[in-house]
1. Could you do me a favour and compute the accessible area per residue for the stretch 51-170, 1.4 Å probe, result in Å²?
2. Multiply the residue gap between Val104 and Ser85 by 0.36 nm, knock off their C-alpha separation, and tell me the result in nm, one decimal place.
3. Calculate the spin-label point distance for Thr46 paired with Lys3, positioning each point 7 Å from the Cα along the beta-carbon direction, and give it in nanometres.
4. In whole Å, largest first, what are the principal axis extents of the Cα atoms in the stretch 76-170?
5. Throw me the Rg/Rh for the stretch 56-102, computed over C-alpha atoms with Kirkwood Rh, two decimals.
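The values are calculated or read from the model by the stated rules, or taken from the named source; none is laboratory data. Because the structure is predicted, anything quoted here is derived from the model rather than measured. Cβ sites come from the backbone with ideal geometry, for glycine too, and all protein chains shown count toward neighbours. Accessible surface is based on the protein model in full, side chains and every heavy atom, while ligands, DNA and RNA are left aside. Shrake-Rupley method; radii C 1.70, N 1.55, O 1.52, S 1.80 Å.
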Amino acid sequence: MHKPLALTLACALMLAGCGGWKQSRINPSNWFGSSAPAEAPVADNTNPLLPQDSNARGIFARPEPKDTTVLAGRITEMRIERTASGAIIYATAIASRQGAYDVVLRPADGSEEGVLSLDFRVVYPETSTATGSEFSRTIHAARTVTNQDLAGIRTVRVNGAQNARESRRR
């Protein structure tokens, strides 16, 4: 026990006696020169932690998954409940067959002015499933919308494969 301690103290004293360590090429702090201020253009309202190119992907990033969602069969109910920060849009649909999962209310492509149009989308299993009763095929989805998103919106529409339901602001 005393030998390792003595050896450590001897090495520390020898290293402390070396006066040229500060200017030595072995010292890692001397590997690069001193820093100088760089004048890089910084755009306003940018986050330096986010990449500038939105399409840039890292080397470990997975490829974008293929969209396998389809519109739900028939929309049976839609209601909107106000919250302090906006609203929650609830929708109920009857799927075309059993086994629907990954249910989502997604903004529809090409909506009109003053209309918030949402698609009720689901994913079905790859294997065929039974049709079953309407009760067993009933699916629910909800989406939160902020007050900023609702500004200028007069109508909210939820689209399905067979029909659509909408609600107008009073």
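1. Value returned for the stretch 51-170: 68 Å² of accessible area per residue.
2. 4.8 nm
3. Rounded to a tenth, the inter-label distance reads 6.1 nm.
4. 43, 27, 20
5. Value, to two decimals: 1.18.
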